[in-house]
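Reviewing the structure listed below.
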């Protein structure tokens, strides 16, 4: 697994780092960024030079807000499990 969090800078470089990890270790790839950046990745890079990442399903695109929402949900779920005695304290 290889995760790239891209907030600012060169999006193409970020995708190339992920591509390198996939080529070298056959990693499952995750790009975490803003909705605008993810849309740019889809329209500019993943239908062009890096199309194989999209075609093979090796790359998962995640919005930062979705990751925050998942984290909050997971935290609440773990708290409830502990409260009900379903998980070791």
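According to a simple spin-label model (label point 7 Å from Cα along Cα-to-Cβ), what is the distance in nm between residue 72 and residue 17?
About 2.8 nm, to one decimal.
Helix-derived [θ] at 222 nm for the chain: sum -39500 (n - 2.57) over DSSP H runs of at least 4, divide by residue count, nearest 500?
Working: 4 runs with 47 residues, N = 89.
One gets -16500 deg cm²/dmol as the mean residue ellipticity at 222 nm.
Report, to the nearest 10°, how far helix 64-83 tilts away from the longest principal axis of the Cα atoms in the chain, using its own Cα long axis and a range of 0 to 90°.
Helix 64-83 sits at roughly 20 degrees to that axis.
Normalising by the residue count of the range 2-64, find the relative contact order in percent from Cα pairs under 8 Å and 6+ residues apart.
Here the relative contact order equals 38 percent.
Using Cβ contacts closer than 10 Å as the measure, can you line up 38, 18 from fewest to most?
With the sparsest Cβ surroundings first, the list reads 38, 18.
Return the label of the correct value of Rg and Dmax of the Cα atoms in Å, as calculated from the structure shown, out of [x] 16.3, 51; [y] 14.0, 42; [z] 12.4, 39.
Evaluating Rg and Dmax of the Cα atoms in Å on these atoms matches [x].
Under a GNM of the chain (C-alpha, springs under 10 Å), which listed residue has the highest mean-square fluctuation: 78, 55, 69?
78
For labels at residue 5 and residue 26 in the simple 7 Å Cα→Cβ model, what's the distance in nm?
It is 2.9 nm.
How would 73, 45 line up from fewest to most surrounding beta-carbon atoms within 10 angstrom?
With the sparsest Cβ surroundings first, the list reads 73, 45.
Going by how many other beta carbons lie within 10 Å of each one, how would you line up 26, 81, fewest first?
26, 81
Between 0 and 90 degrees, rounded to the nearest ten: what's the tilt of helix 11-25 against the longest Cα principal axis of the chain?
Helix 11-25 sits roughly 80 degrees off the main axis of the chain.
Taken together, the values in this text are just the output of simple stated rules run on the coordinates, not laboratory data. All figures in this text were calculated on a predicted structure; none of them were measured in a lab. Cβ sites come from the backbone with ideal geometry, for glycine too, and all protein chains shown count toward neighbours.
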